Structure formats: C-alpha cells, structure tokens
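The values are calculated or read from the model by the stated rules, or taken from the named source; none is laboratory data. What you are looking at is a predicted structure, and each value in this text was computed from that prediction instead of being measured. Here the Cβ positions follow ideal geometry from the backbone for every residue, glycine too, while neighbour counts run over all protein chains shown. SASA here: full protein model, heavy atoms, side chains in, ligands and nucleic acids out. Shrake-Rupley method; radii C 1.70, N 1.55, O 1.52, S 1.80 Å.
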Amino acid sequence: MASTDMKLRHILQKAECGESLSSLELQFLLGLSKPDDLNQVFKLARSLRDRYFENKVFLYGFIYFSTYCRNDCTFCYYRKSNVHPKRYRKTESEVLDAAVSAAESGVHLIDLTLGEDPFYYKRYGFSSLVDLVKKVKMNTGLPVMISPGVVPEHVLNDLSIAGADWFACYQETHNKELYKQLRLKQNYDLRFSSKQKAMGSGLLVEEGILAGVGETLPDVAESIESMSRLGAQQVRVMSFVPQKGTPMEQWQSPPRIRELLIIAVLRIVMPDRLIPASLDVDGIQGLQGRLDAGANVITSLVPPKLGLAGVAQSTKDINEGFRTVQGIIPMLNQMGMRAASLDNYYSWIIREKEKLRMLQSREMRAL
Ligand code: SAM
Ligand code: MD0
Ligand code: SF4
C-alpha cells in the first residue's frame, strides 16, 4: 500500500476512536484531492455525525431584518460603501409575521440577523433589539439565534435574559493579518472575545470561517483548532461568493470541494457539534454535497415573498420557495435523512446549556 494511503488510514482510524489530530494531520486531510481519498473522509464524517445525531437534521429559519451596516467588510455585499444593495429595516410587526410564518413552516429555530445597523447602536436602540428577541420567542415558541455583529457585553446579557439561545458571530479567519484585510478597521480580539463573553452570559455560540478568501491550509487548520478551543456549539464554513460593487468583486468563488472538505474535517474534529449546510451559497443544489460531507443543520431557510434577503446569495431560490422546509424535505428523504422533532432540538439545547453552566461554575470556583 502506498505510504499516503497508510497515512490516511492511520489518521482516520485515530479520529474514529476520538483521538485528537495534530495540525499537520488536519492539513494532510484538508489537502487531499483524489476522489477515493475524499470519499473515505466524507464517509467517516457521516458516520461520526450519525453516531451523535442519527439521520436527523435541524432546520433554521433565517430573517435578515436590517441590511444597513456601519462596517465595510471587503467580502460583503452589504458593506456600508456599496451602492447596489436594497437597504431595508423591517418593522417589528414585519419581523414577527416572518418569524411566525417560518415557525409554521416547521423550522426549529429563528435566526435574527442584521448588519451592524447604526439604528441599534444609538440610545435605546439595543433595547428595541432585546424587545424584538423577546417577542419573537413569545410569538413562535422557538429557540432564537441572534446575529448582530459585535455588541457590548451588557447587551449580550440582556439578550440572554430576553430569551435568546444563540449568539452567532463569525471570525471568518483566525489569521490576524488576513482578518485585517477582510474586516477592515474591526478589532480582531474584540470580535473573538465577544463570543467568550456570550458564553459567559449563558448563550450558545456559533463560530465560522470563509473559504476562498486567501487563506492557506495551515490557516484553515489553525481556524479549526481555534474553533474547537473556543468550545463553540455550532461551527461553520461558507465558500466566498463574489459580490457586485465590492473590492473582491473580481475574485473567483473557490471550488466547492474546499468547503466540503472543511465541513468533513470540522465534523471529524468536533463530532458532536452542530455543523450547517447553508443554502446561502449554492441554494438547494448545494444541499446534498454538504450533508454528505457531514453537516447536520440546514440554515438560511427564508420565508418567500416577504422581501427578505440572503447574505451571500441575496435572492437565490428565495421567492421560488426552494429555501423553505417544503422545498428541502423531498431531497432530505431521498437521502434517507429526516427533519428532527422540535423536542429533539430543545433537548440538545438544554443539555448544551447545562454543560455551559457547569463549565462556568467550575471556572468561577477556580478563581
Ligand atoms: N453583520 C453581522 C456580522 O457580520 O457578524 C451579521 C451578518 S453575518 C451573519 C454575515 C456572514 O455571512 C459573514 O460573517 C460571512 O461569514 C458571511 N458572508 C458575508 N458575505 C459573504 C460572501 N460574499 N460570501 C460568503 N459568505 C459571506
Ligand atoms: C446562513 N445566510 O445561515 C445565513 C447567515 C447568520 N447567522 C447566518 C450567514 O447561511
Ligand atoms: Fe456588515 Fe456583517 Fe456585512 Fe460585515 S459581514 S459588512 S459587519 S453585514
């Protein structure tokens, strides 16, 4: 047997037994390209996922309710200086209608997302955000994720008290030099520590990276290790999609195998974490590949016809109703998978919050 085959087999065996992998081993996996090798990695990723989650996936409804932003991220369509996007800020009752409609369609969670909209950073702005979370939770009875960008610590606390379950905030890369080129004039450490603070407030955290923005394989390995050290409950990767009117407009979107391999390696390193297959990159077309790579959450389901946008794909598949529970169920079933029950999802969240509390009290005692 060739020595790279032996090496691959050895690494996958270690991973299967729950042994941790070195950075070089992660890089080796991330650098594979032969179809047969890739299939072995995906197969292990799926079997680890099934060990913890069987064939059940969680479904997240996405509500991008304000597309105003004070930041100028080079990769993002909604960066402040881009003149192309339609800017909107949905009213409270519009958000509630969208959330209820998503809940009725069968999603397990409502993800309330916004740009760093100056409206919320002004006096009393954050209290209206906190209020919105409370009302979405009351009106839908569902777990809520909030993706507001970096907010002050007391706001994280208030959001948690108001009933938010998750704080999502993606570092994009854990290479500080690269970060500087992506999130212009945004403090790396502040963004990273907001996630630790969120956990301190009892919130579950989603961390994530972009693929195809100039990162190297050692960068990706470093990111995966960083996400694992952070202890994020949900970890994601999304392929960069070039956006009109931005400095990265002329870049190419990376070959999808890169994102798929990263999903698989995330699953191998963090087998019991939630890992999204986002519909925001390739729409419904890209779903099967991502689930086959080991993802167990479908995100960016958007209620159609309400004038709501996606992020990386601002309109793709939305009004056609493909980014809905109904739109994806046939494909799930074809793959032998199914939507989890809401009870399944609630139990997972409750268990993770309990772990978080135990960790916190242990840390307090150690002080
Ligand atoms: N404004 C908040 C923030 O930046 O944290 C919330 C929005 S956040 C959910 C938007 C995320 O979508 C980014 O963190 C990035 O990972 C992803 N994203 C944005 N533009 C993208 C693009 N062009 N291609 C792929 N992913 C993109
Ligand atoms: C997604 N478009 O799930 C959404 C977004 C924000 N928490 C998530 C990037 O792909
Ligand atoms: Fe604003 Fe978020 Fe886009 Fe950056 S990624 S420009 S913070 S909406």
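How many of the residues in region 78-114 are within 16 Å of ligand 2 (Cβ to nearest atom) and in contact with an Asp or Glu (Cβ under 6 Å, 6 or more places away or on another chain)?
1
So, in region 294-327, exactly how many residues are more than 20 Å from Arg236 (Cα to Cα), aliphatic (A, V, I, L, M) and more than 16 Å from ligand 3 (Cβ to nearest atom)?
Looking only at that region, the number is 3.
Any residue that is among the hydroxyl-bearing types (Ser, Thr, Tyr) and in contact with a Phe, Trp or Tyr (Cβ under 6 Å, 6 or more places away or on another chain) - is there at least one of those in region 177-184?
Yes, because at least one residue in region 177-184 is among the hydroxyl-bearing types (Ser, Thr, Tyr) and in contact with a Phe, Trp or Tyr (Cβ under 6 Å, 6 or more places away or on another chain).
So, in region 292-307, how many residues would count as being of a type outside the set (Val, Ile, Thr) and surrounded by 23 or more Cβ atoms within 10 Å (Cβ to Cβ)?
Total meeting the criteria: 7.
Among the residues of region 81-104, is there at least one that is surrounded by 23 or more Cβ atoms within 10 Å (Cβ to Cβ) and under 30 Å from Asp292 (Cβ atoms)?
Scanning region 81-104, I find at least one residue that is surrounded by 23 or more Cβ atoms within 10 Å (Cβ to Cβ) and under 30 Å from Asp292 (Cβ atoms), so the answer is yes.
In region 37-86, what count of residues is obtained for those that are assigned to a loop (DSSP other than H, G, I, E, B) and charged (D, E, K, R)?
6
Would you check if there is a residue in region 106-127 being away from ligand 1 (no atom under 16 Å from the Cβ), crowded, with 21+ Cβ neighbours inside 10 Å and closer than 24 Å to Asp343 by Cβ?
Within region 106-127, one or more residues are away from ligand 1 (no atom under 16 Å from the Cβ), crowded, with 21+ Cβ neighbours inside 10 Å and closer than 24 Å to Asp343 by Cβ.
With respect to Val237, is the statement that it is more than 20 Å from Gly115 (Cβ to Cβ), in contact with an Asp or Glu (Cβ under 8 Å, 6 or more places away or on another chain) and outside any loop (DSSP other than H, G, I, E, B) true?
Yes, satisfied.
Here are Phe167, Phe192: which of them is under 27 Å from Phe58 (Cα atoms), assigned to a helix (DSSP H, G or I), within 14 Å of ligand 1 (Cβ to nearest atom) and open to solvent by less than 50 Å² (accessible area, probe 1.4 Å)?
Phe192
Condition check: over 28 Å from Arg323 (Cα atoms), away from ligand 2 (no atom under 16 Å from the Cβ) and over 19 Å from the mean Cα position of the chain (by Cα). Does Phe119 satisfy that?
Numbers: over 28 Å from Arg323 (Cα atoms): yes; away from ligand 2 (no atom under 16 Å from the Cβ): yes; over 19 Å from the mean Cα position of the chain (by Cα): yes.
The answer is yes for Phe119.
Within region 98-121, is there a residue that is in a loop (DSSP other than H, G, I, E, B), out of contact with any helix residue (DSSP H, G or I) (no Cβ under 7 Å at 6 or more places or on another chain) and modelled with pLDDT under 95?
no
Quick one: which helices (runs of 4 or more DSSP H) sit completely within region 277-367 and have at least 1 residues that are among the polar types (S, T, N, Q), more than 15 Å from ligand 2 (Cβ to nearest atom) and free of Cβ contacts under 8 Å to residues at least 12 places away in the same chain?
Per the criteria, 325-334, 342-366.
Which of the following residues is touching a Phe, Trp or Tyr at 6+ places or on another chain (Cβ under 7 Å), within 16 Å of ligand 2 (Cβ to nearest atom), under 30 Å from Val265 (Cβ atoms) and open to solvent by 20 Å² or more (accessible area, probe 1.4 Å): Phe58, Phe75?
Phe75
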